[in-house]
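Values quoted throughout were computed directly from the atomic coordinates according to the rules given, and no laboratory measurement underlies them. Note that the structure is predicted; figures quoted are calculated from it, not measured. Cβ placement follows ideal geometry from the backbone for every residue including glycine, while neighbour counts extend to all protein chains displayed.
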Amino acid sequence: MNRVEGGDKVTGRARYAYEYPAADVAYVHPIQSAIARGRIRSVDASEALVMPGVLAVLSSAEPPPLGSREDPELALFQTDQVAYHGQLVAAVVATTLETARDAAERAVRITYDAEPHDVLLRADHPGLYTPKTVLPDFPAVSELGDVEAALADAAVVVDATYTTPTMHNNPMEPHATMAVWEEDGGLTLYDATQGATADRDSIAKVLGLPPDQVRVVAPHVGGGFGCKGTTRPNAILAALAARAAGRPVKVALTRQQMFDVTGYRTPTIQRVRLGADAQNRLTAISHEVVEQSSTLVEFGEPTALPTRVMYAAAARRTAHRLARLDVPTPSWMRAPGECPGMFALESAMDELAIAGGIDPIMLRVLNEPATDPESGLPFSSRHLITCLREGARRFGWERRDPEPGIRLDGRWLTGTGVASSTYPANRQPSSASATVEDDQFLVRIAAADIGTGARTVLTRIAAEALGAPAERVRVEVGDSALPKASLAGGSMGTASWGSAVVRACEALLKNGDRGTADTTADVEADSGFSRHAFGAQFAEVHVDIDTGEIRVPRLLGVFAAGRILDETLARSQFIGAMTMGLGMALMEETVVDEESGGFLNHDLAQYHVAACADVRDIEAVWIEEEDPYLNPMGSKGIGEIGIVGTAAAVANAVHHATGRRIRDLPVTPAKLL
Ligand code: MOS
């Protein structure tokens, strides 16, 4: 089945937030803080306000009234305190975008009292502390047995520190909002969001409006990867600016502005210690993470979380510590936790295999746990070993000579690497409605299609539940006026929305013409099993012996993710995420400028993301996995697992090719020379 909105997208009929028309629309250009810490001494907008076309200037000189200041990242212009470089401190509203930008850049004068800032994460940062929990609500520390004693007794030990840099989500569609205040006091926002329901609720709260007075419309969203999973300042700014200007207002953050105000993945410093006995069975696992948050909000990326699920050992310790720096608040980025955490753990497993003289796949086979090592619960299904074996067969692993640094093909050193993947299979409460008229079914749910094909897979799910051909089913998503739904996030969209859609369709079949359902009850029953998808990542790399240039001619991912509901959409999710993992391995890094406290590289010219041409042969396959303990579809989420482990597979392959173990991402030529 083709994407149901495919025609609209390729012909340009599909509208994104910024593209909605409105009469007398005005435009906003935000002004960002030039210091990383301190206070705003003065804002002089007098010159801007007399420019033809300028309608208003917003700043903390006149704080706009808000309903809630609880989230300091959204409580715009409420304080003269500056918490990070690039924070929104003012904005110009004008009749044209050019006027707004010109006035913002030339005619609004802001002076600051700067204070010394602290923007660099270090393993010995004096401010490090252990938070109570990491997100969303896991204990920051988990301990079993005596790790130090077990490491002292181990036959083989790996003790290594891995780092991952600050990384930024770069969806194709930058954050944008159009805000329209209706005559009855209601507010309609066309917003780039991963969830219209949650976006509506958080905007209503910040503005002090009842949620039913706010409507968020987002039928098409050009990617998110987490940065559109929570309401961003552009939405609040659009609403405030539209109120100040007395007309509809559009805000489009530039790519550069996005780097400062739409979130990023925290840098991490991860010490992993593994101990094994003479038979290569793990006896000790320790994963200690140092990461950052802002002074405004505690955001604790759950980086060591996957280590609690992957392998068992009698002595285990996972711990997170945070430093609160003068930086923007980190946020969600594809597979938060699992993605950086599995780079460290799966690199360390590779090092342990080499230290123990065993094949890295065999090491994982030997250490496959029977139950969830952390909770003791049975897995609803776990086919990691099947994925590793199937991948080994397809990749030609049995022909691999484990010796590093010995294969020279012309000027290229060649090598291969493997790593495991995992991601939880969760659900969140959602609701849906289903109706029928003249043999046409209409299913409505405030789900988000962020480029994943959510509409299409929900059409298939509904058609199957109704026993009707897909042509007779229409699915409406992307509007908070539809039955409330969870986010397109945490790889939970299809499982959460699909559950609601199936229930609504079942109710419709029972009632004859109308069905509505709320799957809260279903989701509450999700206990008694540890539910995760698993996978295996294989990479081949070529490294130029003179320049250190790294090429990745081959990537293979094999996944066990329950029932795959749509092969085309699934493949796109897997290879898209694997490509993003390749970018993480070799390219992605946001550099902090110690002097200004801001990000140095903040556009696609200097922050490189991997594209199709960066990998010649990329393949994602999956194994048949029946799991009755998940949801009515039997599916696990597939949006994030593809990025998990990819960077480790590439770095492990670089080691195999060159004999050089690079523990600090990205693996750049400079690090190999
Ligand atoms: Mo994703 S980081 O759960 O949007």
The range 243-258 residues near the modelled Thr96 label - backbone nitrogen below 19 Å, point 7 Å along Cα→Cβ: 248-252
Per-residue Cβ neighbour rank within 10 angstrom, fewest leading, Thr318, Thr329: Thr329, Thr318
Alpha-carbon centroid distance for the pair the range 513-582 / the range 156-203, whole angstrom: 21
Normalised contact order of the chain, rounded percent, pairs of Cα under 8 Å and 6 or more residues apart: 16
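Find how much the distance from Ala355 to Ala160 grows on full extension, using 0.36 nm per residue of separation minus their present alpha carbon separation; answer in nm with one decimal. Display every interim value, and only then the final one.
Numbers: separation 195, 0.36 × 195 = 70.20 nm, distance 1.26 nm.
Going from the current span to full extension adds 68.9 nm.
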Residue among Thr166, Ala149, Leu556 farthest towards the positive dipole end of the chain, charges placed on Cβ: Leu556
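Just to be sure I understand: of the beta bridges DSSP finds with both ends in the chain, what percent are antiparallel, rounded to 5? Could the numbers behind the result be given before it?
Values: 92 of 124 bridges.
Around 75 percent antiparallel, to the nearest 5.
Estimate the FRET efficiency between Glu70 and Asp513 by the formula 1/(1 + (r/R0)^6), using the beta-carbon distance for r and 51 Å for R0, to the nearest 0.05. Provide the component values of the computation, followed by the final result.
Working: r = 43 Å, r/R0 = 0.85.
Here the calculated transfer efficiency is 0.75.
With a 10 Å Cβ neighbour count serving as the proxy for reagent exposure, in which order, fewest first, do Glu351, Glu338 appear? Provide the component values of the computation, followed by the final result.
On the way: Glu351 21, Glu338 29.
If I rank by nearby Cβ atoms, fewest first, I get Glu351, Glu338.
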The range 397-447 - percent relative contact order, Cα under 8 Å, separation 6 or more: 19
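Say R0 is 41 Å: what FRET efficiency, to the nearest 0.05, do Val10 and Asp439 get from their beta-carbon distance? If you can, show how the numbers build up before the last one.
Details: r = 29 Å, r/R0 = 0.70.
About 0.90, to the nearest 0.05.
Percent relative contact order of the range 354-448, based on C-alpha pairs within less than 8 angstrom and at least six residues apart?
RCO, the range 354-448: 15 percent.
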Top positive-direction residue, dipole computed over the chain with Cβ charges, set Thr79, Val418, Gln194: Val418
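Might you report the magnitude of the Cβ-based charge dipole of the range 431-524 about its Cα centre, with Lys and Arg at +1 and Asp and Glu at -1, to the nearest 20 debye?
Values: 9 positive and 13 negative charges, 23 e Å.
For the range 431-524, the charge dipole is close to 100 debye.
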Translational diffusion coefficient (Stokes-Einstein; Kirkwood radius from C-alpha pairs) of the chain at 25 °C, 0.890 mPa s, in µm²/s: 94
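So what's the back-of-envelope 222 nm ellipticity for the chain, counting only DSSP H runs of four-plus at -39500 (n - 2.57) apiece and dividing by all residues, rounded to 500? Numbers along the way, then the final one.
Values: 17 runs with 177 residues, N = 673.
The helix contribution divided over the chain gives -8000 deg cm²/dmol.
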Span-rule helices in the chain, defined as complete DSSP H runs reaching 20 Å or more along the axis (Cα) with Kyte mean at least 0.5: 338-356, 567-586
When each of Lys205/Lys484; Lys205/Lys636; Lys9/Lys228; Lys228/Lys250; Lys9/Lys205; Lys132/Lys228 is checked by Cα-Cα distance, pairs over 24 Å: Lys205/Lys636; Lys9/Lys205; Lys132/Lys228
Fewest-first sequence of His656, His602 by Cβ atoms within 10 Å of each Cβ: His602, His656
Potential lengthening between Thr130 and Ser375 on full extension [0.36 nm per residue; Cα-Cα distance subtracted]: 86.0 nm
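Kirkwood Rh over Cα pairs of the range 431-524 into Stokes-Einstein at 37 °C, 0.692 mPa s: D in µm²/s?
Working: Rh = 12.7 Å.
Here the translational diffusion coefficient equals 258 µm²/s.
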Under 18 Å from the Ala525 label point (7 Å along Cα→beta-carbon), backbone N, the range 358-384: 380-381
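Using unit Cβ charges (K, R positive; D, E negative) and no other charged atoms, how large, in debye to the nearest 20, is the dipole of the chain about its Cα centre? The partial results should precede the final answer.
Values: 62 positive and 87 negative charges, 97 e Å.
Computed charge dipole of the chain: roughly 460 debye.
Among bridges DSSP assigns within the range 431-524, what percent are antiparallel (round to 5)? Present the calculation step by step, with values, prior to reporting the outcome.
Numbers: 10 of 14 bridges.
Given both bridge residues lie in the range 431-524, the antiparallel proportion sits at roughly 70 percent.
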